[in-house]
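The block underneath contains the structure these notes are about, expressed in structure tokens.
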Amino acid sequence: MLRLSIFLVCILLISVLKSQNSDPNVLLIIADDLGIDAIEGYGIEGEFPHTPNLNNLRNNGLIFQNTWATPQCTPTRATIMSGKYGIKTGVMRPPGNLDLEHTSIFNYIKNNSTSDYSTAVFGKWHISAPVDFDHPFDHGADHFEGFFNSGVDDYYNWQKVRNGVESEVNEYVTSHITNAAIEWIANQSDPWFVWLAHAAPHQPFQIPPEGTYTIDNPQGNTETYRAMIESMDFEIGRLLNAMDQETKDNTIVIFIGDNGTPNSTSEYFPNGHAKGSMYEGGLRVPMLISGKNVERNGEIEEGLAHVTDLYATIAELTSDQLPGGIHNSLSLAPLLACKNEIDRSFLYSDYQDDGVLYWAIKNDRYKLIANENGNEEFYDLSQNVLEDNNLIDALTSEQMNLLSIFREEAETIRTAWSCADGIKNGEEVGIDDCNHNCSDVDELGFENIGCCASPDEPSVYYEYEEDNLRFIYSNGFPNHDYCYTNINQPSQMYHLFSVDKNPILSGEITNVVRDNGRPARYFGVAINGIIFAPAPAMPFIFENQNTGEFNWDWVFEPTNTMGDMMGQVSLDCASAHTGPQGYHYHGEMFEYVEMLIPGISTTPEAPDQVIHIGWAADGFPILYKFGPDKDGQLRELQPSFQLLKGVRPGNGITAPCGPYTGRYTRDYEYICGKGDLDECNGMESTVTISTALGEETFEYFYVISSAFPQIPRCLMGMVSPSFDNGQDPLIGMDNDGDGFLEAWDCDDNDASIHPNAEEIEGNDVDENCDGLILSSTSWEDGGFEIGPNPSHEWFEVRSNNNEVFDLTLLTMSGKIVRSQKIQGNVLIEDTPSGMYILKIKVDSGQSIHYKVLVQ
């Protein structure tokens, strides 16, 4: 018996090569003793130093208008390095020592990034007490060049430590440190993270070298302080300009101050409300992020941010995604591309002064300052940013309620972990899921039931083009090992899909499921002919267990509930199973992709070429895991979803309760900018690929990812109705003229499956079970005759009604051999031996397919 098995796997070429430095460099610049009143751009009017390079970073980056640090340098540096508040590290004033039990941001990157990052510190360290020259290396720095104390006694004559070796330097410290950074960066071939901590503009106040500032003959501390800021800005510009364009384009620049402006140079905040205080003049610092991955250029971010957040932000930019953040650090990465994607409810800071612990906490308007002696101050910052009107003795009822919330939250932060910070920390199962009352405990399942069978039927797939449409024909049978349970054994179920060959984005999102939670359409089809149907077919929580009514708002997420037990989804080794729509993928397709490239499903390393895995229902290509990012670099692309924070609103009877764990699809939320991909797990980026129809270029593509949603749940283009759920499969021939091929039972050769099927005889039976009837000479359909079939070198097509029709002859791989408009009859000659598809399309639009064998 003739068996036909057609399987197309396209490993597709892209128009750009993978860069060795696809992961970004990070340059963190810390200015010493620089508050929001010291430079322009932070909502304060006054006389400011000339800072064209910082201005340029602001204009091409994101300005954080409401950022807290700590009142002095050491605790701020320890919080950035550890991602934890001082109360968690014990570093709450200088001098202080950040113990090695706290994983530094350097070591975090080294342990979690897919790239081998080089790390270096230039300038001030000041988080080891007593001084330990090995301390930077123990925390993961590959190179150290700077000083360990709070500052230098003389900017022109100071002691430098370079990788454990001490020497005297007679060069202005800001210039010297910049030179060292320029030299080190120029010698790097791997991506790098540089911690550049300037001494400036910390005292002693000394006039910088000529040519590095613009102030004419600076006099006094304030003018000299400004000149030092200008000199630092000059050196920042020199550092950036020393980078070649490729390095600069691949670098994220973060600039912050470590605490407020010193009282002796502050001209805005009241005396005693600057550096060293818990007032805004001591806590609020300038922060901006510019460079690669920053899309909000010149925008101001009014949301609450903390320098602690740099830990999680840098972690996400250089390594893996985090559930909101880590420790006390909330990732700001989504804000670099999208507005309003994260929300800190509170800012908190602590500090120890003369042995007394102080803390401050605020929301977007009100602020509480307190200490362990019971003293409290309460301010309305919207009306009184100078904090010279303490409201603590005249609070309204609303303010009294907020005071109570502030007290409770600050106590929780100092003694445990916050349940209102948007971060999965402490003993939380999800994000901010404390104090939930739910007896149910989610049992997730990530182990599939494995493989139990090998293909025993042919896998049929081919593409062809007509009227600017891509037609995809398949029998829906896997070409790889699979498994099934009970009667759900994969069987041939034929489909004929059509999509735009040149798809465009529609500007609208089309969901895979309907409003009632039921599947609306298939997402797409893989190039082995298996459909992507990620939406569950039924819910698992009942509104009324006695009547069996379903709550369609809550359905299991199949890829998180795999297994063969009650309440689990039996997905096989390819994250697939069989249902009414046939064999279909729910997840990452392990068995299939491992057949293409062994090990590809478990590695984050991008292959040399992208892997084209299928076509979406709107005509855009589907890639597996790896694709060109917005810079054209080939790497693993990350989705932009995370678990919701808090607890589910249900009661455990009509809807589930407990923390959001991923058991249900609704447990996830899309966060713009969290990853690389959009809401439909796609990306606007150019990819040029080789397909069955030739080389094609697309400006958008979808990705099958390792993390949720794995298979996208929506579409961005014009969706073809041929993928709609409930559409009859195309099996056999269009014998009744309804536009669909009939379903024939390949075991018994009878018409027992499709309700419109009719009994057929002789050669007309689909004896090869490939879905195409081998027409005999005597067989007629729709007023046409084909014969002889099988033929020898020639066959004839006759229209009994002398109709005008379009004739297309294709190979089984979809290549067009002949295409012409005919009236009446035509003789097909000089056709090479082989199996062909003959398509006849009449003016009414009806299409008829025949299988023709030329011997």
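The values are calculated or read from the model by the stated rules, or taken from the named source; none is laboratory data. Worth saying up front: this structure is predicted, and the values here are computed from it rather than measured. In this analysis, Cβ positions are derived from the backbone assuming ideal geometry, glycine residues included, and neighbour counts consider all displayed protein chains. SASA here: full protein model, heavy atoms, side chains in, ligands and nucleic acids out. Shrake-Rupley method; radii C 1.70, N 1.55, O 1.52, S 1.80 Å.
Checked against (1) touching a Ser or Thr at 6+ places or on another chain (Cβ under 8 Å); (2) part of a loop (DSSP other than H, G, I, E, B); (3) open to solvent by 30 Å² or more (accessible area, probe 1.4 Å), residue 455 passes all but condition (1).
Residues that are under 22 Å from the mean Cα position of the chain (by Cα) and part of a strand (DSSP E or B) were ranked within region 288-298; the one that is farthest from residue 362 (Cα to Cα) is 291. Considering only residues of region 44-76 that are surrounded by fewer than 17 Cβ atoms within 10 Å (Cβ to Cβ) and under 32 Å from the mean Cα position of the chain (by Cα), which is farthest from residue 215 (Cα to Cα)? Of everything passing the filter in region 44-76, 60 is farthest from residue 215 (Cα to Cα). Within the set of pairs 6+ apart or on separate chains, which have a first residue in region 469-484 that is under 14 Å from residue 574 (Cα atoms), a second that is buried (at least 24 other Cβ atoms within 10 Å of the Cβ) and among the acidic types (Asp, Glu), and C-beta atoms under 7 Å apart? As it stands, the answer is 482/572; 483/572, since those pairs meet every condition given.
Every residue, every condition in (1) basic (Lys, Arg); (2) under 13 Å from residue 174 (Cα atoms); (3) touching a strand residue (DSSP E or B) at 6+ places or on another chain (Cβ under 6 Å), yes or no:
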residue: 209; (1), (2), (3): no, yes, no
residue: 214; (1), (2), (3): no, no, no
residue: 227; (1), (2), (3): no, yes, no
residue: 234; (1), (2), (3): no, yes, no
residue: 241; (1), (2), (3): no, no, no
residue: 256; (1), (2), (3): no, no, yes
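Only a single item in (1) buried (at least 24 other Cβ atoms within 10 Å of the Cβ); (2) closer than 19 Å to residue 74 by Cα is not met by residue 276, and it is number (1). Take the residues of region 155-186 that are part of a loop (DSSP other than H, G, I, E, B) and open to solvent by 50 Å² or more (accessible area, probe 1.4 Å): which is nearest to residue 251 (Cα to Cα)? Of everything passing the filter in region 155-186, 163 is nearest to residue 251 (Cα to Cα). Taking region 413-470 as the range and being under 14 Å from residue 327 (Cα atoms) and of a type outside the set (A, V, I, L, M, F, W, C) as the test, the residues that pass are 414, 415, 418, 421, 422, 424, 425, 426, 427, 428, 430, 432. Scanning region 212-266 for residues that are aromatic (Phe, Trp, Tyr) and open to solvent by less than 20 Å² (accessible area, probe 1.4 Å) yields 225, 255. Counting only strands (runs of 3 or more DSSP E) that sit completely within region 778-855, those holding 1 or more residues that are modelled with pLDDT of 75 or more and surrounded by 16 or more Cβ atoms within 10 Å (Cβ to Cβ) correspond to 784-787, 795-799, 804-811, 825-828, 834-842, 847-854.
One residue alone among 401, 340, 371 is over 21 Å from residue 425 (Cα atoms), open to solvent by 50 Å² or more (accessible area, probe 1.4 Å) and modelled with pLDDT of 95 or more, and that residue is 401. The set of residues from region 409-425 being open to solvent by 50 Å² or more (accessible area, probe 1.4 Å) and either in a loop (DSSP other than H, G, I, E, B) or touching a His at 6+ places or on another chain (Cβ under 9 Å) (or both) comprises 417, 424.
Could you please let me know if residue 247 is assigned to a loop (DSSP other than H, G, I, E, B), under 44 Å from the mean Cα position of the chain (by Cα) and among the β-branched types (Val, Ile, Thr)?
For residue 247, the condition - assigned to a loop (DSSP other than H, G, I, E, B), under 44 Å from the mean Cα position of the chain (by Cα) and among the β-branched types (Val, Ile, Thr) - is not met.
Of all the residues in region 482-503, those that are surrounded by fewer than 21 Cβ atoms within 10 Å (Cβ to Cβ), part of a loop (DSSP other than H, G, I, E, B) and at pLDDT below 95 number 7. When 636, 594 are screened for being surrounded by fewer than 20 Cβ atoms within 10 Å (Cβ to Cβ) and without any contact (Cβ under 8 Å) to a residue 40 or more places away in the chain, only 594 passes. Of 230, 145, 183, all but one fail to be among the acidic types (Asp, Glu) and out of contact with any Phe, Trp or Tyr (no Cβ under 8 Å at 6 or more places or on another chain); the exception is 183. When residue 312 is tested against (1) open to solvent by less than 30 Å² (accessible area, probe 1.4 Å); (2) in a loop (DSSP other than H, G, I, E, B), only condition (2) is not met. The set of residues in region 250-265 that are β-branched (Val, Ile, Thr) and part of a strand (DSSP E or B) comprises 251, 252, 253, 254, 256.
Applying a threshold of 9 Å to beta carbon distances and a minimum spacing of six or more residues, or different chains, the list of pairs starting in region 163-174 at a residue that is of a type in the set (Val, Ile, Thr) and ending at one that is assigned to a loop (DSSP other than H, G, I, E, B) and open to solvent by 30 Å² or more (accessible area, probe 1.4 Å) reads 165/133; 169/156; 169/157; 173/154; 173/156; 174/209.
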